[in-house]
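Taking it in order: structure first as C-alpha cells, then the write-up.
No lab work stands behind these numbers, since they all come straight from the coordinates. Computed from a predicted model, the values in this text were never measured in an experiment. Please note: Cβ atoms are built from the backbone with ideal geometry, for glycine as well, and neighbour counts cover all protein chains shown.
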Amino acid sequence: MKILAIGDIVGEIGLKKLRELLPKIKDENKIDFIIANGENSAEGMGITEYIFKELLALGVNVITMGNHTWGKKEIFNFISHNQLVRPANYPEGVLGNGYGIYECCGKKIAVINLIGRVDINVLSENPFITVERIIKEIKEYANIIVVDFHAEATAEKLAMAYFLDGKATVLFGTHTHVQTADEKILPKGMGYITDIRNDRTEKFCHRYEYRGIYKTIPNNTS
Ligand SMILES: [Fe+2]
C-alpha cells in the first residue's frame, strides 16, 4: 500500500499546485491513500468548507490541521466530519476528532494529528500523554498508525519520534513549511521525517516572509 502525505497547503498558490499535480502523482505512483495538512489552505489561515470539499474531490482521504484550525469560523459547520482531523491534544470538550480510522486496501489506517507545545502559542494538553492514550485505544484494530505532528521545534518532533518508535508506523512533521532531508527508519521500525514542507520558496520561513521571523529571534532574550 502507498500512502502519500502532503505538508501544509498554503492558500491559492498551494491549491493551484495541488490541482495541477495531484492527479498525476496519484496515478503515476499508484497512491492508495492521501493525507494532507489543510490548516493554511484558506489564505494561509484556516480552511473553508469549499476548500475542504475541493480537497476531498481531488482525492484527499484525510485532512489534518494545526495551530490555524480555527482560522475560519465556518469550520464549525464541518469540524466533526470524519475526514477532518484536528490536533488530538486540544483540551477535553473541544469540538472535532483528534484521530480517525479509515479502511483502505483491506487495512485499517489510523491518522492522528498532534500539536506541539514548543514555540507554538496554542493552549494544548501534553501530546505525549495524549498519543499514548490513543494508541492504547486503537492498537488492537489499527493495522497502520500515521501521526502528523504539527510542531515548530525539531527537538520536540524528534522526542516524539523516539517516544512513538515501535508504537506507530510513521510520524511526519508539518507546520514549519521547510522541507527537511532527515527521513529515516528509527531503530524499532517507525518511519520519520521532521517536516514535509509545502510549496513556498526558500525566502519564506514558516508561513511568513523570513523578515517577520527574523525580527522576533534576535530580540528574544528569554
Ligand atoms: Fe501551522
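Structural remarks
- Dipole magnitude of the stretch 53-167, debye to nearest 20 (Cβ charges: Lys/Arg +1, Asp/Glu -1, about Cα centre): 200
- Cα-derived Rg to Rh of the stretch 105-198, Kirkwood definition: 0.95
- Only lysines eight or more places from Lys73 in sequence, or on another chain, were considered; those with a Cα closer than 17 Å are Lys53.
- The HN-Hα couplings worked out from phi for the stretch 158-169 by the Karplus form 6.51 cos²θ - 1.76 cosθ + 1.60 (θ = phi - 60°) are 5, 4, 5, 4, 5, 5, 9, 4, x, 10, 10, 8 Hz, whole numbers, x standing for Gly and Pro.
- Pairs beyond 20 Å (Cα-Cα), from Lys136/Lys167; Lys108/Lys167; Lys17/Lys108: Lys17/Lys108
- Whole-angstrom gap from the stretch 127-202 to the stretch 29-77, using each part's C-alpha centre: 19
- Restricting attention to the stretch 68-155, close to 45% of DSSP beta bridges with both partner residues there are antiparallel.
- DSSP beta bridges fully contained in the chain are about 30 percent antiparallel.
- Scattering profile of the chain at q = 0.11, 0.15, 0.18 Å⁻¹ [log10 I(q)/I(0), Debye over alpha-carbon scatterers]: -0.50, -0.97, -1.46
- Sorted by Cβ density within 10 Å, fewest first, the residues Leu186, Leu114, Leu18: Leu186, Leu18, Leu114
- Legend: ranking of residues Asp148, Asp27 from fewest to most surrounding C-beta atoms inside 10 Å; resulting order Asp27, Asp148.
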